[in-house]
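This report concerns only the one structure given below.
The values are calculated or read from the model by the stated rules, or taken from the named source; none is laboratory data. Fair warning: this is a prediction, and the values are worked out from it, not measured in the lab. Because the Cβ atoms are built from the backbone with ideal geometry, glycine has one as well, and the counts that use them run over all protein chains shown. In case anyone asks, the SASA skips ligands and DNA or RNA and just uses the protein heavy atoms, side chains included. Shrake-Rupley method; radii C 1.70, N 1.55, O 1.52, S 1.80 Å.
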Amino acid sequence: MTPEQLSDVIVVALTALTEAGTITLPDGVPAEVLVERPKVREHGDYATNVALRLGKKAGMNPRDFAQLLADELGQSKGVASAEIAGPGFLNIRVDAGAQGSLAPQIVEAGTRYGNSQTYAGQRVNLEFVSANPTGPIHIGGVRWAAVGDSLGRILSAIGAEVTREYYFNDHGVQIDRFARSLRASARGQEPPDDGYGGQYIDDIAADVVATHPDAVTLPDEESLETFRAVGVDLMFGEIKKSLHDFGVDFDVYFHENDLHQSGAVERAISRLNELGMMYEKDGASWLRTSDFGDDKDRVVIKTDGHPSYISGDLAYYLDKRERGFDRCIIMLGADHHGYVSRMLAMCAAFGDKPGVNLEILIGQLVNLVKDGEALRMSKRAGTVLSMEDLVDAIGADAARYALSRYSTDSPIDLDLDLWSKKTSDNPVFYVQYAHARLSSILRNGVDLGLEPDVESFDPSLLIEQREGELLRALAEFPRVVARAAELREPHRVARYLEDTASVFHKFYDVCHVLPKGDEEPSDLHHARLMLVAATRQVIANGLALLGVHAPERM
């Protein structure tokens, strides 16, 4: 029995009490009830504060309300007991049969276990990484690659239709600096003072010359345009390949320049004018963002008639909404805090709801640590640490898991020595080893002629404390996924996996799953083998949400 299923049982009990006239709830019976695992195991399998929440509304002492509910729950299928604690808490114990029946449910659900339809029918645009193609993806962008892709998987798991989008500018000042750096390298010169350096610049410059031998000798403007166009295409090809190798692929690559060429900027400004959100002052066109929480109004069209930077943001947001996205989520680096208020104000100016139609997530910095010292330089990138540096050091699985394991609100000091270990000190190794161990048990079972069988499974046999703890841990998975999606926090899945792996190892230390020596297979062996299969499925599902492999052998 999962917490959600127990919540349904409590709602049914409340409905029965209401229909019998035993209690009166002015606001009606709630659709769901909060059910939690108590901190102290002796207090039961689950606890709820529903009597404290509803007692006064029913005009009753919460303990009296709790007693009526406890009596009703005592007659409910799957509930072993319901005891009152303190001012009106209910501690509930689930009978072994109801608790154990979860295992075959998980096995039958397979990869669907943990999924829901909470966001069914909602289209979500998830924009992340979005680095300009002027160099390899730096370590901050790698964090968003891991977290963003995991969040996309988690949102899909709760029913959303997710589009992963990469936004970049292939013109502008940074691209000009990139092109000038390539040309300087091809000419054997030092990079410009404001340019880019590193082995990758030399490599791409050589590739440009290999396909366009006259790129160096063309007139300056033509030469620069050749290095820009070809160099950007080559750099972006490298970025796409790096992301793909990291397990991250995007559905849409959106060029900023398209907004200006397509007239999207003019359409956005026209829409805001229609809504009365624009005004003229000092020869410029302004957006009333201060009406929606921004610290000041923003210039959209400058006095020289050219659009300001925010004009592209306006056009891009409206473009996403016109493409039919209900929710637009943008992931930005730690240096973008100042953009949040103006972006949310922009959303409100269009008549949309900030925090619903537009969300801005800010990720903090990542530091790589080796031998106790922070790493600063990349051999290939020259000035910044890149995705390749991290993957080369610890592998893609460890990198993805490590970067997704922490709240994005917190900076990370990522210890490369720890994350490259093949021991239980390494969190991703610990979880993957649990999956491999579970897989090994199931293979050994097959060798003995034992396989999980739903028909012969007897849930009432799983009465040991460690069995119950493992079942309750597995029951939490759907709620963990839902919470991770709701809060946009993939790290909750990683931490859950570590906790569940720990619970499994404790179970395996004391509960023999397979017969030993000449021991005959029993119904208990079959029941425990089903529990093992369910545990493996949950860990595999959780790792899949993080984009991390679930190895069969280690």
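Conditions (1) within 24 Å of the chain's Cα centre (by Cα); (2) loosely packed, with under 15 Cβ neighbours inside 10 Å; (3) over 30 Å from Gly148 (Cα atoms), marked per residue:
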residue	(1), (2), (3)
Ser270	no, yes, yes
Asn273	no, yes, yes
Gly283	no, yes, yes
Val299	no, no, yes
Met331	yes, no, no
Leu358	yes, no, no
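Yes or no, residue by residue, for (1) in contact with a Pro (Cβ under 6 Å, 6 or more places away or on another chain); (2) closer than 30 Å to Ala544 by Cα; (3) modelled with pLDDT of 95 or more; (4) part of a loop (DSSP other than H, G, I, E, B):
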site	(1), (2), (3), (4)
Phe236	yes, yes, no, no
Val248	no, yes, yes, yes
Asp258	no, no, no, no
Ala268	no, no, yes, no
Arg271	no, no, yes, no
Gly276	no, no, yes, yes
Ser285	no, no, yes, no
Val300	no, no, yes, no
Gly312	no, no, no, no
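Note down all Cβ pairs under 6 Å where the first residue falls in the stretch 537-551 and is at positive phi, the second is open to solvent by 10 Å² or more (accessible area, probe 1.4 Å), and they're at least six residues apart or on different chains.
Every condition considered, the pairs that remain are Gly547/Gly247.
For the stretch 418-432, how many residues meet the condition of being basic (Lys, Arg) and either open to solvent by less than 50 Å² (accessible area, probe 1.4 Å) or touching a Leu at 6+ places or on another chain (Cβ under 7 Å) (or both)?
0
Could you give every pair whose Cβ atoms fall below 6 Å, whose first residue belongs to the stretch 221-247 and is under 14 Å from Leu182 (Cβ atoms) and of a type in the set (Val, Ile, Thr), and whose second residue is assigned to a helix (DSSP H, G or I) and open to solvent by less than 40 Å² (accessible area, probe 1.4 Å), counting only separations of at least 6 or pairs across chains?
Thr226/Ala215; Val230/Val208
For the stretch 443-457, name all the residues that are surrounded by fewer than 20 Cβ atoms within 10 Å (Cβ to Cβ) and either assigned to a helix (DSSP H, G or I) or modelled with pLDDT of 95 or more (or both).
Arg443, Asn444, Val446, Asp447
Assess whether Gly110 counts as being surrounded by fewer than 19 Cβ atoms within 10 Å (Cβ to Cβ), on the phi > 0 side of the Ramachandran plot and out of contact with any helix residue (DSSP H, G or I) (no Cβ under 8 Å at 6 or more places or on another chain).
No.
Look through the stretch 509-554, keep the residues that are in a loop (DSSP other than H, G, I, E, B) and hydrophobic (A, V, I, L, M, F, W, C), and return whichever of them is farthest from Val147 (Cα to Cα).
Looking at residues that are in a loop (DSSP other than H, G, I, E, B) and hydrophobic (A, V, I, L, M, F, W, C), I get Leu514.
Could you say whether any residue in the stretch 163-172 is over 30 Å from Ala402 (Cβ atoms), open to solvent by 40 Å² or more (accessible area, probe 1.4 Å), assigned to a helix (DSSP H, G or I) and not basic (Lys, Arg)?
no
In the stretch 86-102, how many are of a type outside the set (Val, Ile, Thr), open to solvent by less than 30 Å² (accessible area, probe 1.4 Å), out of contact with any His (no Cβ under 6 Å at 6 or more places or on another chain) and part of a strand (DSSP E or B)?
1
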